[in-house]
Amino acid sequence: MGTPGFALRILEALNDQYDVELVVTQPDKPVGRKKEIIFNPVKKFALDKNLNLLQPDKLKDNHQAVETLKSINPDIVCVAAYGKILPEEILDIPKYGCINVHASILPKYRGAAPINWSLINGEKETGITIMKMDSGMDTGNIISSHKIKINDDDDTLILTEKLSILSAKKIVEFINNLVLNGSYESKSQNENEATLAPKIKKEDALIDWQKDAEGIRNLIRGCNPWPVAHTHFKGQIIRIFKVSLDNSSNINPGQIVNKDGRLIVGCGQGSIEIFEIQRSGQKRLSGKEFLNGISNIETPIFN
């Protein structure tokens, strides 16, 4: 059970070694301005491999979905970024339970966007947790946790890929051990250490130039590739994709400076250099290209 690219790597690894009797993923949704129906990565893979596929609108009180799962009589249900809370009637079906791969070291960052928030909050490490699911949101017993470092140039896209590779490896190891031993151990989470990672909203990605440079850089990393950190310039929305910390001083928050062709912006404390930027509805530009387009403006500033 899974939906985005993070879940795809896990499905690929499972399908390489085991009999995947059924793939459950979110219903198709219209995407973009044209409202085109684009299959999610898990559905594409399932169709390519001729795997049985189920896309229920809801799971609670869904008799058909429950009966389909019961008819398979699964040993285990693996869940990764599926996007829905599983009701008790489904949690109770598999022999060894529903096993979730979550992209944080639980109990920290429970919820829909653990990778985004770990970057936004400037964490130096993260990882994955394999857990036996219960009826709560990422509250089940922990089977194992596996940490990795967060690099300064990691954004959500890069970190998701790293964690998905780690997840695929560790879920296969877990199932191999389960086949050998016929059981597994788990421990309850420490509720006192729990933090939340709710779904990212577009308004979360608005840059406050009064904040320090490192905090702004972390926001930009945590919002790439979606919803993309943004600011305003001359009434336009400006999206910022890639930056680094800069040591320029005496630049006001939001002030844009051309420093030998480098796009430097002041923050509440420190400054950043912008490498990749985009005006609304236009193509992405380098910092230098953006500067060339505003050379006639005397004191340019983001707000």
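Quick note: the coordinates plus some simple rules give every number you see, no bench work behind them. Bear in mind the structure is a predicted one, so any value in this text is a computation, not a measurement. A quick note on method: Cβ atoms are made from the backbone with ideal geometry, for glycine too, and the neighbour counts reach across all protein chains shown.
Relative to the longest principal axis of the chain, what angle (0 to 90°, nearest 10) does the C-alpha long axis of helix 5-17 take?
30 degrees
What whole number of Å gives the distance from the Cα centroid of the stretch 232-303 to the Cα centroid of the stretch 191-230?
Going from one Cα centre to the other spans 19 Å.
Using 32 Å as the Cα-Cα cut-off, could you pick out the over-long pairs in Lys211/Lys259; Lys108/Lys288; Lys201/Lys234?
Beyond 32 Å between Cα atoms: Lys108/Lys288.
Can you give me the C-alpha center-to-center distance between the stretch 3-82 and the stretch 106-139, rounded to a whole angstrom?
Taking the Cα centre of each part, the stretch 3-82 and the stretch 106-139 sit 22 Å apart.
Rounded to the nearest 20 debye, what is the charge dipole size of the chain about its Cα centre when +1 sits on each Lys and Arg Cβ and -1 on each Asp and Glu Cβ?
With Lys and Arg at +1 and Asp and Glu at -1, about 860 debye.
DSSP loop (so not H, G, I, E, B), at most 11 other Cβ within 10 Å: list which trypsin sites (Lys or Arg not before Pro) in the stretch 1-50 pass both filters.
Arg33, Lys34, Lys35
With angles folded into 0 to 90 degrees, how steeply does helix 213-222 sit against the dominant principal axis of the chain? Use alpha carbons for both and round to 10.
With rounding to tens, the tilt is 40 degrees.
Cross-link candidates for Lys70: which aspartates and glutamates have Cα within less than 12 Å, leaving aside residues fewer than 8 places away along the same chain?
Those aspartates and glutamates meeting the cut-off are Glu21, Glu89, Asp92.
Taking only the alpha carbons of the stretch 161-241, what extent do you get along each of the three principal axes, in Å, biggest first?
64, 30, 21
By the scheme Lys and Arg +1, Asp and Glu -1, what is the net charge of all other residues having a beta-carbon under 9 Å from that of Leu245?
Every neighbour counted, the sum reads -3.
For the chain, just the Cα atoms, rotate onto the principal axes and tell me the three extents in Å, largest first.
70, 43, 32
Let me know the Kirkwood hydrodynamic radius for the stretch 202-293, please, with Cα pairs as the basis and the value in Å to one decimal.
Roughly 12.8 Å, rounded to one decimal.
Hey, if you put +1 on the Cβ of every Lys and Arg and -1 on every Asp and Glu Cβ in the stretch 202-293, which of Thr231, Gly266, Gly254 ends up farthest toward the positive end of that dipole?
Result: Thr231, furthest along the dipole toward the positive end.
To the nearest 10 degrees, how steep is helix 63-72 against the longest Cα principal axis of the chain, on a 0 to 90 scale?
Relative to the chain, helix 63-72 is tipped by roughly 60 degrees.
Using +1 at the C-beta of Lys and Arg and -1 at the C-beta of Asp and Glu, which of Gly140, Ile120, Gln64 has the Cα lying farthest in the positive direction of the dipole of the stretch 5-193?
Of the options given, the answer is Ile120.
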